[in-house]
Amino acid sequence: MITANRYPVRAFRAFCLLLFLASCFFAHSQNLKDSPWHVVATDINPAKYFGVTVANGMVGLVSSPQPMQVQDVVLNGVYDYYQRGRVSNILKSFNHVNMYLDVDRRRISRNDIQNYAQTLDMKRAALVTTFDIGEKLSVRHTVVSLRHLPFTALVEVEFTAKKDVEIIPASVIEAPAHLNDIRNLYAEIDRPHVTIPLLSSVAKSPTGRVEVAASNSFIFDEPHGQEPRLIHEDWDNNMHLLKFYKNLKAGQKYRVCVVGSAVSSVHNEFPLNEAERLTIFAKLEGRDRLLKYHEAEWEKLWKSDILIEGDVTAQRDVRFALYHLYSFVREGSGLSLSPMGLSGLGYNGHVFWDTELWMYPPLLILQPEIARSILDYRFNRLEMARRNAFEHGYKGAMFPWESAASGGEDTPVWALTGPFQHHITGCIGWAAWKYYQVTKDKVWLREKGYPLLKEVAEFWCSRVERNGPGKYDIKNVIGANEWQENIDNNAFTNGMAKTVLAFASQAATELGLPSNPDWKNVADNIPILKFPDGTTKENAIYDGVPIKQADVNLLAYPLKIVADEAAIRKDLTYYEPRYSPEGPAMGVAILATLWARLGDPEKAHTYFVKGYKPNEVPPFGVISETAGGTNPYFATGAGGMLQSIVSGFGGLDVTDAGVIQLKTKLPKQWKSLKITGVGVEKKTFEVK
């Protein structure tokens, strides 16, 4: 009788296990959806899928709708000439963290799985994907781009067998089509205490200027000598893999990890050797230590946080924006931010004004050391900016509108922004002085800040046309509103030039150095045009046409040139209805910031929501550049949104006295707003 009933009992137990796992999954998903630390995606349609990124400021891994895959691997600071525009593009590298899975000798695809869900754990900077394979297996797949190891990622896969099953996991390295001279290698390092398998690939960029390499290895829980036997398969030039067989009993759990490193010749002279060394290091550190130090680094980052009480959705959305900025850049790297960060190849991965005016300000207030890395990127390319000014007939330094590896102009020739959008040079000088205001780092100011500000000031002195008192005109530019080209005396351009000239003089005084008297002379005579009723005029020919994004209103914040409340309101009243609904997210964020500072939190909240909610795309709600757009992640928009919180509702203001707080009010939906870890002193500011 016992023998006869054995299989029905086993089937009943398996059925109970299935029900238990399903109920746990549902409850867990519901709890996470209410969590301010988790972004949950359950309704995943591959045809309408815009991935979320896990990144550490150096390596970005973009999620995929396909099980155990990532869509893109992006290396910060690595460019080559390919794809479009006859300019450099950020280089898409080897995909070195993908995995295949065979279950009972059948390759698993999207069509074979159920209950597919992905959750971004922002606190741990980990993407967790869960799914079932019929009544055979449950899988939990976690990806992290290790914060403490800039070139290394960790993938962890946990299998739970619902019945007896055979699994064949495979670690894969695959090359994108644009890489050349691909070489795939496999080796094992044998020591008495460990065997280290190394799956590696190396290739040349499209022009051959850059060499990229990737390497990965398994981390097993089994003791040395009891690990599964590994099989290397070299399929073709673009892909090879390392796999093993494992039989699981019903109810058994099994875990395996993959560590992988990606390096280029931009970072190291011998990228293949370094990728393999870093992978060996990570493997022998082991899973627990890797996660311990990764999570410790993110814990440090999150000491600078934004806490909104009373609105879980706003709290999660704001933290989501902050998570992306923290993920896309890192201190000490000397690298900067593209409008799309490390989420893909958008805008060719170039660095624009988006960095200094939009993403930099919240990072400066919350993470000054990261902000310093952004400034280092510009300082290290100061010589190229000098050359650019020389080529255009100016003095000082003229920074490029689009910058990549060298710091030369990388704007496509067909775009007039390259030769004419000069306000970026002012934005960079402005950012340098703001860094000093927050940190009071006089050594930095002497060695880097002032040399940069001096060159910026000299540029503007040579750029103006001196047509009499009050008529030091800046002609033939493109302003922040890019829809009007080759115009004269643009409000934002002129305002930024006046501001940064004053900052340069102030920096010289701070260091006890003589300042060029022409800086003040030029600043005092650059005009800010007005309509007859006193409203600020966007440029000499502006006649009320729709605008792409904030321009005049930037004179009130962040420049503070228009400081009188009545004048701020007059400019808002005129320009608010002229903002195009097709414009980018950050323009509306300025309206939210200004109305919050003017004491109208409800109107500010309306613009705060309008500035990002219509831009969210499925399944994670990552934000695109425009409402209804399809090009996430738009980190510039995140920067604008965070400014509306930190400097708008939060009232934080960067001044010569450091970071101070203006009196503001909160929208009725929020009980309190707390901003922690502010500045070098890591202060806390609160609004109730």
For PRO517, all conditions in the list (1) touching a residue at least 24 places away in the same chain (Cβ under 8 Å); (2) closer than 24 Å to ARG463 by Cα; (3) surrounded by fewer than 18 Cβ atoms within 10 Å (Cβ to Cβ) hold save one; what is the number of the exception? (1)
Could you go through the range 283-299 and let me know if any residue there is at pLDDT 95 or above and touching a Ser or Thr at 6+ places or on another chain (Cβ under 7 Å). yes
It is to be established whether one or more residues within the range 527-549 are in a loop (DSSP other than H, G, I, E, B) and aromatic (Phe, Trp, Tyr). yes
The range 603-614, residues that are charged (D, E, K, R) and within 14 Å of ALA314 (Cα to Cα): LYS610, LYS613
Candidates ILE219, ILE280, filtered to the one that is among the β-branched types (Val, Ile, Thr), open to solvent by less than 20 Å² (accessible area, probe 1.4 Å) and touching a residue at least 60 places away in the same chain (Cβ under 8 Å): ILE219
Taking the condition of being within 30 Å of ILE660 (Cα to Cα), of a type in the set (A, V, I, L, M) and either in a loop (DSSP other than H, G, I, E, B) or open to solvent by less than 10 Å² (accessible area, probe 1.4 Å) (or both), how many residues in the range 411-469 meet it? 9
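Which ranges mark the strands (runs of 3 or more DSSP E) fully within the range 569-688 that have 1 or more residues being closer than 28 Å to ALA502 by Cβ and among the small types (Gly, Ala, Ser)?
Here the list reads 658-661.
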Criterion violated by MET122 - all others in (1) touching a strand residue (DSSP E or B) at 6+ places or on another chain (Cβ under 6 Å); (2) farther than 22 Å from THR279 by Cα; (3) open to solvent by less than 20 Å² (accessible area, probe 1.4 Å) satisfied: (1)
Quick one: what pairs do we get from the range 289-305, first residue crowded, with 19+ Cβ neighbours inside 10 Å, second in a helix (DSSP H, G or I), C-beta under 7 Å, 6+ apart or different chains? LEU290/ALA282; LEU301/TYR326; SER304/LEU366
Of the conditions (1) open to solvent by less than 10 Å² (accessible area, probe 1.4 Å); (2) not in a helix (DSSP H, G or I), SER406 satisfies every one except a single condition; which number is it? (1)
Any pair with Cβ under 9 angstrom, 6 or more apart, that starts in the range 611-627 at a residue that is open to solvent by 40 Å² or more (accessible area, probe 1.4 Å) and ends at one that is of a type in the set (Ser, Thr, Tyr): PRO614/THR626; GLU616/SER624; PRO618/TYR49
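Out of the residues in the range 368-398 that are under 16 Å from VAL87 (Cβ atoms) and crowded, with 20+ Cβ neighbours inside 10 Å, which is nearest to the chain's Cα centre (by Cα)? If you could, list the steps in order and put the result at the bottom.
At the first step, the residues of the range 368-398 found to be under 16 Å from VAL87 (Cβ atoms) are 381, 384, 388.
Remaining after also requiring crowded, with 20+ Cβ neighbours inside 10 Å: 381, 388.
Numbers: ARG381: 21, ASN388: 28 Å.
Ranking the qualifying residues of the range 368-398, first place goes to ARG381.
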Go through (1) in a strand (DSSP E or B); (2) closer than 30 Å to ARG86 by Cβ and name the single condition GLU188 misses. (2)
Would you be able to say whether some residue in the range 157-171 is under 30 Å from GLU331 (Cβ atoms) and not hydrophobic (A, V, I, L, M, F, W, C)? no
Residue check, ASP488 in contact (Cβ under 8 Å) with a residue 24 or more places away in the chain, open to solvent by 30 Å² or more (accessible area, probe 1.4 Å) and among the charged types (D, E, K, R): yes
Just checking, does the range 314-331 include any residue being open to solvent by 30 Å² or more (accessible area, probe 1.4 Å), more than 17 Å from the chain's Cα centre (by Cα) and over 13 Å from GLN367 (Cα atoms)? no
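With respect to MET68, determine if the residue is outside any loop (DSSP other than H, G, I, E, B), open to solvent by less than 10 Å² (accessible area, probe 1.4 Å) and within 30 Å of ILE182 (Cα to Cα).
No, not satisfied.
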Where residues in the range 167-181 are among the small types (Gly, Ala, Ser) and part of a loop (DSSP other than H, G, I, E, B), which of them is modelled with the lowest pLDDT? ALA177
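The values are calculated or read from the model by the stated rules, or taken from the named source; none is laboratory data. All of these numbers come straight from a predicted model, not from anything done at the bench. Ideal geometry is used to build each Cβ from the backbone, glycine not excepted, and the neighbour counts take in all protein chains shown. Just so you know, the surface numbers come from the protein's heavy atoms only, side chains and all, with ligands and any DNA or RNA stripped out. Shrake-Rupley method; radii C 1.70, N 1.55, O 1.52, S 1.80 Å.
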